[in-house]
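Bear in mind these aren't lab numbers, they're just calculated from the coordinates by the rules spelled out. None of these values were measured; they are calculated from a predicted model. Virtual Cβ from ideal backbone geometry, glycine too; neighbours counted across all protein chains shown.
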Amino acid sequence: MVTLEEKTKLIHRLNRIQGQVEAIKRSILEEEKDCEKAILLLKAANQAMKKFGEAYIQEYMASCFQEKKNQASIESDIKKAIKAAFSL
């Protein structure tokens, strides 16, 4: 089971990503465009999403293993998680 602390960490990551997306929105609305800044903002948001996805999947897999005792069910869940991760 995912602990409250782990959930809080995941939510904190999402909040940071949301802030990065808001910064990208603001850069779109600016009259003077700073191309380097826009690229850095996009790169940071992309990396943050990748890191969040990794952390989220790790938490899901940990809880999956703890909650399920059936080996076939665990194997099916792992295959689904891998397929979902690589079809993004």
Helices (runs of 4 or more DSSP H) completely within the chain that count 3 or more residues being touching a residue at least 60 places away in the same chain (Cβ under 8 Å) = 35-67
Residue tally, condition of a type in the set (A, V, I, L, M), surrounded by 13 or more Cβ atoms within 10 Å (Cβ to Cβ) and touching a Ser or Thr at 6+ places or on another chain (Cβ under 8 Å), over segment 1-45 | 3
Just one of (1) surrounded by 11 or more Cβ atoms within 10 Å (Cβ to Cβ); (2) among the hydrophobic types (A, V, I, L, M, F, W, C); (3) within 16 Å of the chain's Cα centre (by Cα) trips up residue 78, so point out which.
-> (3)
